[in-house]
């Protein structure tokens, strides 16, 4: 059973057949059920761009304080101090002020040469081969390498960090995530933190240890060790998983659109628009959940307090009311920006870094491999209800 074309529209984020190609269902939701309710899993969903743009940033009604993952909201997990993406203002504001000092576009762009060198290290040994894999050959390595540069994690430990993070997001096919997967204690980073406390450097970990901020009680202080551990865990997790997914989608979308790929190879000015179009077409984080704190009326229906609201960013990015031929991949698109990185106070802090990594990766790939065809028979989609992308994305060169 795949996307339904008749009968009542139905969306189930845990069904692999729907997740393989969710877009026909999303289109029906936008047209027939812009405020959708799933009785089986007891959640609401918004699919239209205008609705998501309007409500996503309203933290008073749509709260992140119980996580941004539907399963964890329902479990009412304990969100620890330092889990800054799962706090609302004013605590979120205080925590975020620390990270925004580091994650600036200027600082991210300053990493460009290191990112380029890392790409070359991954890609140069592949030159002359008739087949490469966008995930196992690059996506599995580049994001972790860049986060390692920022945090000061030794290169020999970066793969273990990535594997630990990936396993925390993986689900059994067709089943929700479990409360046990909500552990964000920073486990595995203790030795790095303790070393940096005694041996400061110019990396992000040292900056987190030394940063002073004013908390909501008006106290000027530094982060506790436990808070630093969680900060590091969040930054490492977000930087690893989603950027790897972006690289996988890069291989698939440009493999399936060879004319546009050749245009990019011939004109480097098209690199940035191409990255934005890939992010629009296939956001690595296709949906974000919020806890509804008070009754709210949307499309003539009351969403009661205590509900879970799912914001379908991947659907909004193809909304025909905002994007001309939104289902088509078009690097020359003149439409307004996508919503992949969110809106408001919870907009993705790593957006600038993801864009730099994506741009540099695509430039370096096209230098060495200007032509490829996707080997979809041997590609495998990841099993996760919170991210969407590929475990591997093999392509045939030439």
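Taking only C-alpha pairs under 8 Å that are 6+ residues apart, what is the relative contact order of the chain in percent? Before the final figure, lay out the partial values.
Details: 672 pairs, mean separation 103.8, N = 398.
Reported relative contact order: 26 percent.
Could you grab the Rg to Rh ratio for segment 90-152? Cα atoms only, Kirkwood for Rh.
Numbers: Rg = 15.9 Å, Rh = 13.8 Å.
Expressed as Rg/Rh, it is 1.15.
How much of the pair distance distribution for segment 304-362 lies past 13 Å, counting alpha-carbon pairs only, in percent? Could you put the intermediate results ahead of the total?
Details: 1237 of 1711 pairs.
Cα-Cα pairs of segment 304-362 separated by over 13 Å account for 72 percent.
Can you tell which of 318, 280, 15 shows the greatest fluctuation in a Gaussian network model of the chain with Cα springs below 10 Å?
15
Determine by what factor the alpha-carbon radius of gyration of segment 27-143 differs from 2.2 N^0.38 Å, reporting the quotient.
Values: Rg = 20.7 Å, N = 117, 2.2 N^0.38 = 13.4 Å.
Expressed relative to 2.2 N^0.38 Å, the Cα Rg reads 1.54.
Rg (Å, one decimal) plus Dmax (Å, integer) for the alpha carbons of segment 16-397?
When restricted to Cα atoms, segment 16-397 yields Rg and Dmax of 20.6, 61 Å.
Under a no-solvent Debye model with one identical scatterer per Cα of segment 242-294, what's log10 I(q)/I(0) at q = 0.29, 0.30 Å⁻¹?
With one equal scatterer per Cα and no solvent, log10 I(q)/I(0) is -1.17, -1.21.
Treat the count of other C-beta atoms within 10 Å as a stand-in for reagent exposure and order 49, 43 from fewest to most. It would help to have the intermediate numbers written out before the result.
Values: 49 23, 43 20.
Arranged by neighbour count, lowest to highest, 49, 43 become 43, 49.
Over the Cα atoms of segment 232-330, Rg to Rh with Kirkwood Rh, two decimal places? Display every interim value, and only then the final one.
Details: Rg = 17.6 Å, Rh = 16.0 Å.
Rounded to two decimals, Rg/Rh equals 1.10.
Count the DSSP beta bridges whose two residues both fall in the chain, then state the antiparallel fraction as a percent rounded to the nearest 5. Before the final figure, lay out each step's value.
Values: 24 of 28 bridges.
If we restrict to bridges inside the chain, about 85 percent are antiparallel.
Every number here is computed from the coordinates shown, using simple stated rules; none is lab data. Note that the structure is a prediction, hence the values are computed from the model and not measured. As a convention, Cβ positions derive from the backbone with ideal geometry for all residues, glycine included, and neighbour counts pool all protein chains shown.
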